[in-house]
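The values are calculated or read from the model by the stated rules, or taken from the named source; none is laboratory data. Note that this is a predicted model, so its numbers are computed, not measured. No Cβ is skipped: glycine too gets one built from the backbone with ideal geometry, and neighbour counts run over all protein chains shown. When the accessible area is computed, the model is the full protein with side chains, heavy atoms only, and any ligands, DNA or RNA have been set aside. Shrake-Rupley method; radii C 1.70, N 1.55, O 1.52, S 1.80 Å.
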Amino acid sequence: MSQIEYIESQLTPLRKQLKEHSLYKQLQSVEDIKIFMSLHVFAVWDFMSLLKALQIQLTTTTIPWRPRPKASLARFINEIVHAEESDINEKGEAKSHFEMYLESMQQIDSDVTEINHLIKGLENGDSIESIIEALYIDDCAKEFMRFTFRVIESGKPHCIAAAFTFGREDLIPDMFIEILKQADSKNTKFNKLTYYLDRHIELDGDEHGPLSLQMVEELCENDQKKIEEVLQISKEALQYRIGLWDGIKEKIVAQEGRIMVAGPIPNKKLRNAILAVSIVIPAAVAILFSVKIDGFDLSFLPPIYASLNGLTAIGLLSALIAIKFKKIKIHQRIIQFCLSFSILFLLLYVLYHMTSDSTKYGDINGNGILESTEAMAVSDTRGIYFFILVSHIFLSLVVIPLVLFTYKFAWEGNYERHKKWTRFAYPIWLYVAITGVVVYYMISPFYS
């Protein structure tokens with residue numbers, strides 16, 4: 001398998017999610033296209049910034065001129081720049097694709113106010129961060145552009161090429177064309193947009209797509225570290241593209257006041273497997289608790305599995321910080337560690353209770369009987385302990401399907417549903433992890 005084939009295979013779930021995104025089902029009229037273009041134009045613009053960053057990295061743009069190590073890469077990017085920056089429009093005039101898109105927006109009467117503010121800010125010499133921050137647009141478009149400029153600022157040609165090649169939409173929805181044909185059968189009112197779409201499809205499919213793939217492959221140079229960095233940036237770029245699509249869809253739905261169109265049908269087999277596991281695990285734990293194995297002293301286990309709960313809580317907080325700073329790969333790794341800690345906790349917890357008698361809260365002398373004097377001694381904290389314990393046990397059962405489904409959606413690349421489920425799964429999982437430590441801390445004085 002070649003480098004490119006490996007990368008493309010790893011990106012399949014995200015590309016599939018993008019291709020089947022429910023946004024496309026919401027595009028039902030010219031008004032919907034107007035809303036789409038008012039945000040999508042920022043992706044069209046920042047694509048040009050990626051393009052120029054690559055030209056600066058791969059060709060000589062300074063004086064005195066000097067030859068570059070790989071003329072083939074310079075040729076690749078110069079050919080793309082030639083078409084993207086100075087193509088021929090429907091009138092035979094030289095125009096960049098961004099300018100064509102902007103003229104299409106004006107012809108279809110899409111809102112160009114904020115994109116004009118962006119261009120004006122650039123002409124005034126304002127920083128890109130301050131310009132983006134000042135725009136009155138949805139956060140999905142702002143985050144999309146911020147990611148692009150973080151990649152550019154990395155100064156790594158292979159990473160910039162990854163965002164350029166794999167992070168862009170590789171299809172324009174067919175319904176665009178159909179809607180335009182129905183609304184303008186003579187191709188006079190929206191001919192600029194129709195021309196732009198036709199040109200986009202022609203260049204990306206026949207020329208720019210293959211050239212970009214070759215560029216990425218040459219920049220990787222069979223370096224495994226570079227390949228992994230390309231894969232990571234490509235995943236993040238697709239995730240931000242999906243986030244942009246999510247935001248545009250929500251805006252269309254909100255402004256049109258229509259019912260949300262359902263997205264792709266979930267994987268029923270995996271869903272049923274998660275449901276089965278969510279039933280089997282509690283049942284198996286209950287059965288194993290009734291089994292007692294003598295002859296083993298595993299009294300050292302409680303502090304260990306309590307520590308695993310503590311590590312899970314720390315991991316969950318770290319994962320939250322990582323995702324806030326868009327460190328998606330780190331976030332994924334931390335969550336995988338948290339899942340491992342939780343599974344190991346469950347195994348050790350069951351093993352301990354199969355080999356040891358249960359400890360009663362307040363059993364100071366350790367004889368297994370809670371005497372009245374002992375009960376009186378812990379009367380102030382007994383109610384608190386049992387409230388925490390019962391809520392911990394109940395939510396530990398609830399959290400199993402919540403976490404598994406949330407992880408499933410992320411693994412499939414369905415980040416829209418992943419975010420929604422996280423709102424419930426995350427705080428419950430964190431509560432279970434923290435209260436696991438609290439329960440141990442409260443009961444530990446009474447271990448015999």
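Worth a mention:
- Failed item in (1) closer than 25 Å to residue 246 by Cα; (2) open to solvent by 20 Å² or more (accessible area, probe 1.4 Å); (3) at pLDDT below 90, with residue 32 passing the rest: (2)
- Considering 440, 431, the condition of being open to solvent by 40 Å² or more (accessible area, probe 1.4 Å) and within 23 Å of residue 279 (Cβ to Cβ) is satisfied by 431 alone.
- Of the residues making up the stretch 304-337, those that are touching a Phe, Trp or Tyr at 6+ places or on another chain (Cβ under 8 Å), open to solvent by 20 Å² or more (accessible area, probe 1.4 Å) and at pLDDT 90 or above number 3.
Here is a yes/no grid of residues against (1) modelled with pLDDT under 80; (2) assigned to a loop (DSSP other than H, G, I, E, B); (3) open to solvent by 10 Å² or more (accessible area, probe 1.4 Å); (4) within 26 Å of residue 32 (Cα to Cα):
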| residue | (1), (2), (3), (4) |
| --- | --- |
| 146 | no, no, yes, yes |
| 151 | no, no, no, no |
| 160 | no, no, no, no |
| 163 | no, no, no, no |
| 168 | yes, yes, yes, yes |
| 175 | yes, no, yes, yes |
| 181 | yes, no, yes, yes |
| 187 | yes, yes, yes, yes |
| 195 | yes, no, yes, yes |
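- Scanning the stretch 36-55 for residues that are open to solvent by 20 Å² or more (accessible area, probe 1.4 Å) and more than 27 Å from residue 243 (Cα to Cα) turns up at least one hit.
- Selection of first residues in the stretch 201-217 that are at pLDDT 70 or above and polar (S, T, N, Q) and of second residues that are assigned to a helix (DSSP H, G or I) and surrounded by 15 or more Cβ atoms within 10 Å (Cβ to Cβ), restricted to Cβ pairs under 6 Å at least 6 apart or on distinct chains, gives the following pairs, ordered by first then second residue: 212/165.
- Within the stretch 70-115, the set of residues being under 15 Å from residue 39 (Cα atoms), open to solvent by less than 50 Å² (accessible area, probe 1.4 Å) and outside any helix (DSSP H, G or I) comprises 110, 112.
- In the stretch 86-103, the residues that are in contact (Cβ under 8 Å) with a residue 40 or more places away in the chain and in contact with a Ser or Thr (Cβ under 8 Å, 6 or more places away or on another chain): 87, 96
- Inside the stretch 372-400, residues that are of a type in the set (A, V, I, L, M), over 13 Å from residue 429 (Cβ atoms) and either within 38 Å of the chain's Cα centre (by Cα) or surrounded by fewer than 11 Cβ atoms within 10 Å (Cβ to Cβ) (or both) make up a count of 4.
- Within the stretch 119-131, residues that are of a type outside the set (Gly, Ala, Ser) and open to solvent by 80 Å² or more (accessible area, probe 1.4 Å) have Cβ atoms under 9 Å from residues that are modelled with pLDDT of 90 or more and not in a helix (DSSP H, G or I) in these pairs: 120/126, counting only partners at least 6 apart in sequence or on another chain.
- Tallying residues that are in contact (Cβ under 8 Å) with a residue 40 or more places away in the chain and surrounded by fewer than 16 Cβ atoms within 10 Å (Cβ to Cβ) within the stretch 132-141 yields 1.
- Residues (modelled with pLDDT under 85, among the hydrophobic types (A, V, I, L, M, F, W, C) and loosely packed, with under 13 Cβ neighbours inside 10 Å) located in the stretch 263-276: 265
- The residue of the stretch 308-341 that is farthest from residue 356 (Cα to Cα), among those that are of a type in the set (S, T, N, Q) and touching a residue at least 40 places away in the same chain (Cβ under 8 Å), is 332.
- Of the residues in the stretch 361-375, not one is at pLDDT 85 or above and assigned to a helix (DSSP H, G or I).
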